[in-house]
1. Would you say Lys76 is under 14 Å from the mean Cα position of the chain (by Cα), of a type in the set (D, E, K, R) and modelled with pLDDT of 90 or more?
2. Please enumerate the residues belonging to the range 84-100 that are surrounded by fewer than 16 Cβ atoms within 10 Å (Cβ to Cβ) and modelled with pLDDT of 90 or more.
3. Within the range 1-26, track down each residue that is near the ligand (Cβ under 10 Å from one of its atoms) and over 14 Å from Asn67 (Cβ atoms).
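The values are calculated or read from the model by the stated rules, or taken from the named source; none is laboratory data. Keep in mind the model is a prediction, meaning the values are calculated, not measured. Here Cβ is always computed from backbone atoms with ideal geometry, including for glycine, and neighbour counts include all displayed protein chains.
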Amino acid sequence: MVTDPVCGMTIEPRRAMAKAEHKGKTYYFCTPKCHQAFTADPQKYTSRTKPRGKSKSASGAREVSANERHRMIAQKAYYRAQLRGFAPGAEVEDWLLAEAEIDKVLEER
Ligand SMILES: [Zn+2]
């Protein structure tokens, strides 16, 4: 298992949706979004500070774990991909839209 340096989620390398090399080290990401964030600013995520996915720690409303949330988004993103016939090139967009929808649902709980 490895840790996604962006969101702090633990993932299996072979199931990672994206990976990137930085200074000879390979990093794995749970989503294309995390990958994008990392490649945009690798320094930010490779510094010694531990990545924390949860910035909204104060609210006890969020009982959904990072892994569960990820699974929900993946499912939604898959439906989106299916709707457009799995045409390549829009994976990140699918993901971002799916993520926004899931977050909305989770907020409304
Ligand atoms: Zn991630």
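1. Taking the combined requirement at face value, the residue satisfies it.
2. Gly85, Leu97, Ala100
3. Scanning the range 1-26 gives Pro5, Val6, Ala18.
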